Amino acid sequence: MAKRKSDPAKSSPIVDPWKWAQEYLPPQETKNLIASLEKQLPISIRINQLKSGPKTNIKIWEQAYQWDTSPTPFCSSGFWIAEPSISPSRTIEHRLGYYYIQEAASMLPAELFDFDGLEHPLILDMAASPGGKTIHLVDRIMDKGLIIANDASRSRIPALRIVLQNWGAINQAITNIQGEWYGRAYPDSFDAVLLDAPCSMQGLRTSPSHKMRPITKNEIESLAERQFKLLESALQTVKIGGQVVYSTCTLSPHENEGVVSRILEKFPGVVELEDVQHKLPAPAPPVMHIGGKQLQEQVKKAVRIWPHIYGTAGFFCAKFIKNRSIPSEKQWDVHRKNPIIKGEYFNTRDSDDLTDMISSLYGFYLKSVIADQSLVYWQFKENIYFVPSQLQDQFPELPVHSMGMLIGKYFPKGWQPSHEFVSRFGDLFTENIYILGDEYHEAWLRGEDIRNSVRPSGQIGNFLAIRDTSGRNLGRGKMLSNRLRNMLPTRLF
């Protein structure tokens with residue numbers, strides 16, 4: 001009988017993350033760290049800049065929900081909410097994507113990119129799901145250019161797609177490919193790459209999205225090796241002069257400074273770190289040695305966020321600049337079976353006709369949106385989409401899982417706008433609007449049809465943008481002869 005092999009993960013010793021604090025922090029800072037972890041991590045939100053003005057809306061929500069807010073350290077659209085009596089997860093604004101609930105430290109990576117001078121940048125988010133950092137990138141470029149949101153795990157794609165839909169992102173496409181593929185299939189192609197790498201999540205704080213669990217030394221070494229390969233691919237696929245931000249939500253030195261130092265050692269002069277400490281309100285220096293081994297000198301330009309520095313979870317970031325091309329050991333074929341693209345693009349005449357019809361229905365200048373964001377119409381069966389023009393121009397053979405935004409569909413009797421279209425642009429509508437009385441507000445947010453409200457005869461049969469008496473966007477509805485039909489997606493309830 002063959003001897004059963006032992007599981008190396010189970011036989012490997014468990015790593016104690018507290019040893020990192022004891023090794024790298026002075027005694028007083030260790031005490032400060034312990035004290036900070038005894039405090040509950042406050043809820044933080046990041047406001048959707050495509051749909052609202054952060055400073056204006058946070059004041060409105062403070063009054064409406066009695067929130068006590070304060071700005072997060074390094075993101076102008078991020079706010080902490082102290083002990084809210086009304087949870088941010090329960091508001092209509094959250095359901096319609098007017099803000100995203102995100103831990104404050106996770107707002108740093110997207111803020112490190114410099115997009116000045118890049119009018120329509122090409123961006124890859126290599127490990128994107130669930131999508132919080134992807135939509136932050138969407139805001140940073142105001143949904144202009146193109147973001148490829150990739151995740152290697154098929155099971156994580158639905159969550160990513162929903163986050164992008166709720167946010168109203170249009171200039172994006174989702175792929176489900178191993179991140180290592182991009183460096184070999186598309187070398188020197190992107191202006192910027194974000195690699196928020198899969199990690200051990202040893203950030204010394206537990207949250208619903210980042211739960212700490214026992215981790216072994218072998219697991220950390222395996223993760224560090226995967227992170228190194230993904231980072232190498234990110235640096236291959238970015239253009240010369242382009243930017244790569246590497247981040248994790250762990251404090252494991254092997255997965256952070258160790259990976260960065262190995263890259264610098266392998267590609268001396270080919271890539272370099274940019275010092276980002278000046279972007280922070282207080283210093284957050286990295287560690288410069290692991291197990292007695294001194295790391296590359298440039299590692300000092302990276303950022304290590306211990307929880308006590310800003311009152312956040314633990315986090316790590318480093319920003320690379322690429323100076324020369326990185327040859328790939330093996331070229332991977334770009335031609336792969338495309339699982340989604342089966343429709344067709346509109347010609348100029350059909351595009352103009354549809355634009356005029358939608359503009360007339362809802363009384364806003366859609367043509368300027370299309371021109372400003374370089375969008376084109378694409379149709380699959382009766383469904384009409386806005387899709388990024390750069391996707392077809394720059395990546396015609398990229399196997400995408402989904403792309404752009406469903407804006408509506410044709411029916412024999414007319415046009416039905418999508419929830420995403422009304423959620424993104426409904427605040428701009430001046431026609432086919434219905435003001436819902438305050439007495440019906442709670443029923444509407446439960447997904448119920450409204451039967452006793454006033455129904456103007458001129459709107460019967462129309463798909464309407466619904467607002468409350470204070471002007472808030474409440475999604476779309478259809479006016480019928482006997483009721484106002486609630487068309488909020490069931491996923492919102």
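General observations
- Whole-percent pair-distance distribution, where bins are 10 Å wide, for the alpha carbons of segment 265-336: 16, 36, 28, 15, 5
- Longest to shortest principal axis, alpha-carbon extents of segment 154-282, angstrom: 39, 39, 34
- Relative contact order of segment 378-456: 20 percent, from C-alpha pairs under 8 Å at least 6 residues apart in sequence.
- For segment 116-163, the normalised intensity computed at q = 0.16, 0.17, 0.18, 0.20 Å⁻¹ comes to -0.42, -0.47, -0.51, -0.61 (log10 of I(q)/I(0), Debye sum over alpha carbons, equal scatterers, no solvent).
- Taking all protein chains together and a 1.4 Å probe, the residues Met107, Met142 rank Met142, Met107 from largest to smallest accessible area.
- Each other residue within a Cβ distance under 10 Å of Pro285 adds +1 if Lys or Arg and -1 if Asp or Glu, for a net charge of +3.
- Residues with amide H under 5 Å from that of Thr175, placed H, sequence gap 5 or more: Ala149, Asn150, Asp151, His401
- Largest first, the extents of the alpha carbon coordinates of segment 1-136 on the three principal axes equal 68, 41, 35 Å.
- For the chain, alpha-carbon Rg relative to the globular expectation (2.2 N^0.38 Å, N residues): 1.05
- The alpha-carbon atoms of segment 38-106 define a convex hull whose volume equals 87 cubic angstrom per residue.
- Stokes-Einstein D (µm²/s) once Rh is taken as the Kirkwood radius of segment 77-135 over alpha-carbon pairs, at 20 °C in 1.002 mPa s: 155 µm²/s
- Listed residues Leu124, Ser153, Thr56: farthest to the positive end of the dipole of segment 50-161 (Cβ charges): Ser153
- Protection proxy ranking, highest mean first, for peptides 122-131, 362-371: 122-131, 362-371, where packing is the per-residue count of other beta-carbon atoms within 10 Å, averaged.
- The stretch between Asp372 and Glu442, if pulled fully straight at 0.36 nm per residue, gains 21.5 nm over its current Cα-Cα span.
- Pair-distance distribution P(r) for segment 324-464, from all Cα-Cα distances in 5 Å bins starting at 0: 2, 7, 14, 18, 16, 12, 10, 8, 6, 3, 2, 1, 1, 0 percent.
- The phi-based Karplus calculation (6.51 cos²θ - 1.76 cosθ + 1.60; θ = phi - 60°) puts the 3J(HN,Hα) values of segment 465-476 at 8, 9, 10, 8, 5, 8, x, 6, 6, 10, x, 10 Hz, whole numbers, x for Gly and Pro.
- Cβ-Cβ FRET estimate between Asn452 and Lys55, R0 fixed at 51 Å, reported to 0.05: 0.85
- Cα centroid of segment 238-282 to Cα centroid of segment 7-79, whole Å: 22 Å
- Residues whose amide H comes within less than 5 Å of that of Gly314, counting only those at least five positions distant or on another chain, are Arg205 (H built at 1.01 Å from N in the peptide plane).
- The label point for Arg349 and the one for Ala159, both projected 7 Å from the Cα toward the Cβ, are 4.8 nm apart.
- Gyration tensor (alpha-carbon) shape descriptor, segment 425-493, a/c threshold 1.5: rounded
- Near Asp188, the amide H atoms lying under 5 Å from its own belong to Thr237, Val238; only residues 5 or more places off or on other chains count, and H is placed 1.01 Å from N.
- Taking one quarter of the surface of the C-alpha convex hull of segment 220-351 gives a mean projected area of 12.8 nm².
- Cα radius of gyration and Dmax for segment 80-211 (Å): 15.4, 51
The values are calculated or read from the model by the stated rules, or taken from the named source; none is laboratory data. Note that this is a predicted model, so its numbers are computed, not measured. Every residue, glycine among them, receives a Cβ derived from its backbone with ideal geometry; neighbour counts consider all protein chains shown. Heavy atoms of the whole protein, side chains included, go into the accessibility calculation; ligands, DNA and RNA do not. Shrake-Rupley method; radii C 1.70, N 1.55, O 1.52, S 1.80 Å.
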